[in-house]
Structure formats: structure tokens, C-alpha cells
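This report refers to the structure that appears directly beneath it.
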Amino acid sequence: MDINEIIKSDIRASLAKSGLLLFLAGFFIFMGIITGEIFYTADFSARDNYIGELALKTDFRQASAAIFDYTMIAAGLMVMIGTWFVNKIFKKYLLTIPMALLGTGLTCFGVFPGQLLTYNIFALIVFLCGSMSAIVSFKIVSTPLRYIFACFGIISLIFLMFQKHFILTLGVGGAERWLFYPVIFWIIGMGAYLLGIKDGHKNTLAV
């Protein structure tokens, strides 16, 4: 993609929208988890509790559940809309299909909270599609970020496939966070990268 094409066309506006949406989505997910943990009234440990437990229904509706649900719905919608703009620019369906599924899974986290079966299904979608998106983004991102993003995806995939082997050391919560946080950091990084391209920086320009 030529730099003059980016600067002179409406591609720049699409890059700005997709970058901003993805950057904010990652930020909201990360801060939503932290804030949910703060407002969780029962005992909660990053080592021994799954992230999804923030949305579980106990004897009463916890503030953490509302924070988690609305954060995931908003972030998932932002990822889906951002994906539409990414597809409009790059037309890389190998990237945008798993990104769209990632956004759908995040949204469904909030729409169907507190149910173990649905949580496991949507968690698998989010973790798998998130890690695949990070790896495939190698095709549109320039060095050195392409390698960092690919490593994020590989780390997430490793923890997805061999999670039970890490639980003894990290606990169920720690292993899940090592699985999910690389995806969150990729969403933030991808958003920042697209915003950088928008400004026509040659050092961030993809081929």
C-alpha cells in the first residue's frame, strides 16, 4: 500500500476509526477486569479465580457483574465495528473473520453472563480467535511489531492447548490470564499501529 494512497484517500479515515475502536476496546477490557476485581465482594484471587467469575450470580447481583458485562458488550461491539473498517482497508479475510468472531465472543460474554456452559463456549471462541488474529496480523503489520504480535498469539495458543500443565504453577486464574492478556495487549497494540499508519508514518507502513 503506497503512503500517498493512505494520505490522499478515505483510507486514512477508516484507519483512524479502526485504530481508535480497537485501542479503546483493549483498554476497556483490561480496566474492566481490574475494576470488576476491585468491586467483587467475595474472596477473589487472580491465581485461583477465573476472570468469568466476575459475572457469576451469587446470592445478590454484584457490582462486579454489571461492570464486567457492560464492559465486554461495549468492547466486543467496538472490535466488530473496528474489524469492518480493517476489512474495508486490507481485505484480508484470514484476519478479519477471526477478529469478527473475537468481537462476537466478547459481546456474548456480557449478553449471556454467569452460565458455565456458555462461558466455556464463548471463552474458547475468544481465546482461539484472538490468538489466531494476533498471529495472522503478521501479514499486514511491519517489523518489529509483526513479530511481537505473532508471539502474543503463540503464547496465547500455547496456554490454550496446554493450560492444565500451567495450572499447578500459576493456578486456574493465572493460567487463564496468561492466555487472555496477550490477546488484550494485541488488540491495544493493533489499534495503536493502525493509528500510526493513519498519520502516514513510513516506519509503521505495511507492505
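Data for the structure
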| quantity | calculated |
| --- | --- |
| The range 30-126 - Rg (one decimal) and Dmax (whole number), Cα, Å | 14.7, 48 |
| Rounded to 10°, Cα long-axis angle of helix 163-198 versus longest principal axis of the chain | 30 |
| Gyration tensor verdict on the range 70-130 (Cα atoms; rounded if a/c is under 1.5, prolate if a/b is larger than b/c, oblate otherwise) | oblate |
| Helix 11-39 axis, angle to the chain major axis (alpha carbon atoms, nearest 10°) | 20 |
| Mean residue ellipticity (222 nm) of the chain, computed from DSSP H runs ≥ 4 via -39,500 (n - 2.57), nearest 500 | -26500 deg cm²/dmol |
| Percentage, to the nearest whole number, of Cα pairs in the chain over 21 Å apart | 51 |
| Neighbour-count ranking [beta-carbon atoms within 10 angstrom, fewest first] of 79, 126, 111 | 111, 126, 79 |
| Among 190, 78, 161, residue whose mean-square fluctuation peaks in a GNM of the chain (springs only between Cα atoms under 10 Å) | 161 |
| Degrees separating the helix 63-90 axis from the principal Cα axis of the chain, which is the longest one | 20 |
| Fewest-first sequence of 93, 119 by Cβ atoms within 10 Å of each Cβ | 93, 119 |
| The chain: most fluctuating residue of 159, 39, 122 per GNM, C-alpha cutoff 10 Å | 39 |
| The chain: most fluctuating residue of 45, 137, 156 per GNM, C-alpha cutoff 10 Å | 45 |
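Coordinate-derived values only; no laboratory data. Predicted model only: the values in this text are computed from it and were never measured. FYI the Cβ positions are ideal-geometry reconstructions off the backbone, even for glycines, and counts take in every protein chain you see.
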